[in-house]
Structure formats: C-alpha cells, structure tokens
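Worksheet: the structure to be examined is printed underneath.
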Amino acid sequence: MNKRHFLKALGLGSLALMEPGISIAGNRDEEKKPKAPVRHRIWINPSEKDTDAELKQRYAEYRATGIGVIYFEEDSERHFRAAKSAGMEAHRWFWTMNRNEPELREKHPELFSVNRKGESCADKPPYVGYYRFLCPNQPGTLQYLKSIAEEQVAKDYIDGLHLDYVRFVDVILPVNLWAKYNIDQSKELPEYDFCYCKTCRDKYAAVYGKDPLEMAHPDQSPSWRKFRYDSITNIVRNLSEVAHAKKKPITAAVFPTPEIAKRIVRQDWTNWPLDAVCPMIYHGFYNENVQWIGDAVAEGVNALKGKFPLYAGLFLPDFHGNNDDIRKAIRLAIDNGAAGVSIFGSVNSQLLAILRETAG
Ligand SMILES: [Zn+2]
C-alpha cells in the first residue's frame, strides 16, 4: 500500500471549525456577499501549479456552495490568501503526534513513542515507514510542537490550526484494514500498544504505584488507559492555548465516535478545549453503511453537550460516486446535530451542487 492510500485508509484528513458565519464577517478581503450560509468544511492539498485565476474562480465557487473553512495540508500563502479573498477561512492542517522529520529522530530519538515490546517509533515504526509517533510525556515533545504551532499561528494569512494525528498509534486498526495487513487485532497486540517508554511508566507509577509493564493485563487497566488519554489531552490543551493566544481557533480531525477514538487511538476528544471537531466518520473503514453516519454523529453530539460544534468528516471514495448516498449522509449528519460536514476527497461539480443544497 502506498503512502497516500494508507493515509486515506487510516482516515487521515478532515476539516472543521467554528460556528457557522461568525468569523467570516470580519474578513476584509471578502469581495462578494456570501451566497449560501457557511456550513461545510473541506480538506485540500494545495498545488502550486494552480494559477491565481484558477484559484479565484474555484474558491469563489466553493464559498458559494456553503463552504466556510478550508484546511490546507501545506503552507501555501497564495492558496491561503485566495481562499480568504473568496470569503472563507484558511486553516493550517497540522500533523501533531506523528512527525516524520528525519532530523528529529536523528537528533532526538528519545522523543519517540515506545511499544509494549520496548520498540521505538524512531527506528521501528509500526505498520508503515512514516508512522513516527512522539511520546506525549517527553518534555521535549510539547516544547517542539508548541514552537511549530506558534510559528504557524503567527502568520497573518493563517486563520486557525487544525490538528491531525493527535493521538497514539492505532492499537487496533479499523476493521477493513486487517485483511490488508494480514493482522487479527481482536485484542491489543504489544507491538502496536504504545507508550511504554520509561518516562511514561515512571510518571504513571508515581501516581498509581505500579509499572504498567509489570501488569499481567495492561490492556485491561482503566487507569493506564486514562493516563494515556490524558497525556494526549494535555498536548491539545497546550496547543489550544497557543492558538487562542493569537485569537485563532483550533480544531481537530479525530476518530469517528468518542468510544472508538478512546478504544483504538486513545483520543478523549470530547474533553478537549477545541473550537470545533471533525470526527472522520469514514463508514467504509468500519464496514458500515451510510446509515451509521447518523448514529456516529448523534453519539458525538450527545457526548459534547454543546461544548463546540461537530462537523461530520465524510470520506468521498467510500461513496463510490453514489450522489444519493452523499446527500443522505449529509442529511443524516445534520439531522443528528452536526453543524455541517467536512469533505475528504476530490471535489467535483456534482458534489458542490449537493453541498449547496444542504447548506441552507
Ligand atoms: Zn512515553
């Protein structure tokens, strides 16, 4: 499986942010009055090959269909400014715990997460070569991530920070990937169970009086699980302070429901200080049909209790071009309390028409 496919397969990418319409009004670059209420979000990998004229036309069209926020995978000032000129917010998509910079693992291998067998992501990444997750409890990790986040939100053309990979390595992969990897993950396997570095074990032991490695069944320990949820939550809390210090919103792409997110990647996202969340409700990866999207949204919305809005992340390839299903998914999301949807996949005119229909 190549990198791009794996990224998609794991549900990488998504989008989100803020209450519809709130921050758009302050955009002085706005050239036209909005044509549809701001409702949806979209994820984009900006190409430098696009001309200014193309961007102007494309982003005006996106805005007209009710897209209010774009999450950009790369820092492209031209794309960001074009999106803002069209009346949208331009946010930087930020890989958080998974960091691939080769110089980081050469200079600071101690920052990387360690599994229950003692293997580090620095030299033995699980599943695929680019799975280089940091340990959330190494002081250097927080320092490093904060410095990057500060640099990003200081830029005047970046309207917000969108966290992705803000989690542990998948201790369990979504079920449709098991066959691809020839893995049966009906239980937590030690090689995919992180972080058992000495810092984490000592920190846990200081409070709970035991080393997780000494437990007969560490996977069954509620306090050891919670310790790891809280370790990620602490990272999010700090990055949230960085964004909010610049009065910029922070959002995150997370796993589809609070229960699944905690169980397979140690994300406790309903307790994060975010401005919006985009659960990647990618039904195909869980062998579910479109109907499940409504169930997942309802679970997230109920758990959030109005703390911040939820945008349902939809994975377009899972719809296999069935526009009725896309329409149904968006309707289910909104009817179950989502503020809108966030789209992962290539955008075409039919999709834009559906987004426009559902933006009102
Ligand atoms: Zn650790």
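With a cut-off of at most 15 other beta carbons within 10 Å, and DSSP calling the residue loop, which trypsin sites (Lys or Arg not before Pro) in region 164-215 qualify? Please list them.
Those that pass, being in a loop and sparsely packed, are Lys187, Lys210.
Quick one: which of Lys124/Lys262; Lys84/Lys262; Lys124/Lys187; Lys247/Lys305 span more than 32 angstrom between C-alpha atoms?
Checking Cα-Cα distances, Lys84/Lys262 exceed 32 Å.
Just the number, please: percent antiparallel of the DSSP beta bridges in the chain, rounded to the nearest 5.
Antiparallel bridges make up about 10 percent of those DSSP assigns within the chain.
Considering Cα pairs under 8 angstrom that are at least six residues apart, work out the relative contact order of the chain and quote it in whole percent.
21
How much length is gained if the chain between Asn176 and Glu74 is pulled fully straight, taking 0.36 nm per residue apart and subtracting their Cα-Cα distance, in nm to one decimal?
33.9 nm
Can you sort Ser186, Ser342 so the residue with the fewest Cβ neighbours within 10 Å comes first?
Ser186, Ser342
For region 272-345, what is the convex hull volume of the alpha-carbon atoms per residue, in Å³?
80
Going by how many other beta carbons lie within 10 Å of each one, how would you line up Glu188, Glu101, Glu299, Glu106, fewest first?
By the 10 Å Cβ count, ascending: Glu106, Glu101, Glu188, Glu299.
Stick to Cα atoms and the Kirkwood definition of Rh, then tell me Rg/Rh for the chain.
Dividing the radius of gyration by the Kirkwood radius yields 0.97.
Taking the Cα centre of region 3-359 as the origin and placing charges on Cβ (Lys, Arg +1; Asp, Glu -1), which of Trp93, Leu310, Ala353 is farthest toward the positive end of the dipole?
Leu310
Mean residue ellipticity at 222 nm from the helices of the chain, using -39,500 (n - 2.57) per DSSP H segment of n ≥ 4 over the full residue count, to the nearest 500 deg cm²/dmol?
-11500 deg cm²/dmol
Picking from Asn182, Asn115, Asn98, which is most flexible by a Gaussian network model of the chain using Cα springs under 10 Å?
Largest GNM mean-square fluctuation: Asn182.
Where a number appears in this text, it was derived from the coordinates with a stated rule and is not lab data. Not measured: the values here are computed from a predicted model. With ideal geometry, Cβ positions are generated from the backbone for all residues, glycine too; neighbour counts draw on all protein chains shown.
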